[in-house]
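Trainee: Sharing a structure, written as structure tokens. Questions coming.
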Amino acid sequence: MHPNRKNIRKRNYDYTNTGWYFVTICTKNREHFFGEIRNEEMQLSVIGKQAQIFWLEIPKHFPNVELGEFVIMPDHIHGIIGIVNRKGVACSKDLACKIPTDTSNKNEYMASISPKSGSLSAIIRSYKSALTRWCGLNDSHSFSWLARFHERIIRNQEEYNRIEEYIRSNPEKW
């Protein structure tokens, strides 16, 4: 598909693993589709309000997901996404539990290039697709995402707390 594109995900890491992930999703060309900052507070546009609604609905579409802190900024979204184990019990933020992955019946090539069901990439792809589709149906045809997203695997409670504070204070520091 994109032979010269560098893989930005952690090598040999299974993003269906239970744990907490800090994600940043940006609009194409960093256009301010989601609103603006006034008096250190985010004022959401119509697209920004819909982005917030769809973000909050992620766990309805992915029952293995819990949402942490998030903020919608003029040209990007920061959020913490937790993937829980398949029994519906949240993994603690110390990342002690893992999800087994069985790909024995899948075509190996397709499995290697497609986001795994329930993976962080599948979650973000679904979210971005839903908002893009909504924008197209609501006369916001110029809306577009940056093709990729940034993620960080949150490794411990201290890091989780630091990221949570960063997200909360993002509008003030804009």
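Trainee: Which whole-Hz ³J(HN,Hα) couplings does region 34-42 yield from phi under the Karplus relation 6.51 cos²θ - 1.76 cosθ + 1.60, θ = phi - 60°, glycine and proline marked x?
Mentor: Whole-Hz 3J(HN,Hα) from phi for region 34-42: 8, x, 8, 8, 10, 6, 6, 10, 7.
Trainee: Then there is this: Would you pull out the residues with amide H under 5 Å of GLY35's amide H, same chain only if 5 or more places away, H placed 1.01 Å from N?
Mentor: Result for GLY35 returns SER45.
Trainee: So between TYR13 and ASN156, what do we pick up on full extension, going 0.36 nm a residue minus the alpha carbon distance?
Mentor: So the chain would gain 49.8 nm between TYR13 and ASN156.
Read-outs throughout are calculated quantities, based only on the coordinates presented, and are distinct from any laboratory measurement. These numbers were taken from a predicted model, which means no experiment stands behind them.
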